[in-house]
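**Student:** Submitted below is the structure of interest, expressed as structure tokens.
The values are calculated or read from the model by the stated rules, or taken from the named source; none is laboratory data. Keep in mind that this is a model prediction, so the values were computed, not measured. Note that we place each Cβ from the backbone using ideal geometry, even for glycine, and neighbour counts take in every protein chain shown.
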Amino acid sequence: MVDEGSDLDRLAAQLDAVEAAMARLDAGTYGTCEQCGEPLTSSALEADVTASRCASCAQTRNDG
Ligand SMILES: [Zn+2]
């Protein structure tokens, strides 16, 4: 079984992601990968409008 936390936690995480995306819009960096600087594809942004990393960087994330 998978315990992913409450819906509220998920909503809070989404809100964080949206606020981060809006900050990138302000900074003029929205739509580019924050890791490698490559422009994100429109399909990637359609799949997730708050995406901040390109597909290859998202796959190789190293949290912690
Ligand atoms: Zn990237």
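**Student:** Residue by residue through the stretch 30-45, note down the ones that are modelled with pLDDT of 95 or more and either among the β-branched types (Val, Ile, Thr) or more than 15 Å from the ligand (Cβ to nearest atom) (or both).
**Tutor:** Answer for the stretch 30-45, where residues must be modelled with pLDDT of 95 or more and either among the β-branched types (Val, Ile, Thr) or more than 15 Å from the ligand (Cβ to nearest atom) (or both): just 32.
**Student:** Continuing with the same structure: Among the residues of the stretch 46-64, what is the count of those that are more than 9 Å from the ligand (Cβ to nearest atom) and hydrophobic (A, V, I, L, M, F, W, C)?
**Tutor:** The number of residues fulfilling the criteria is 3.
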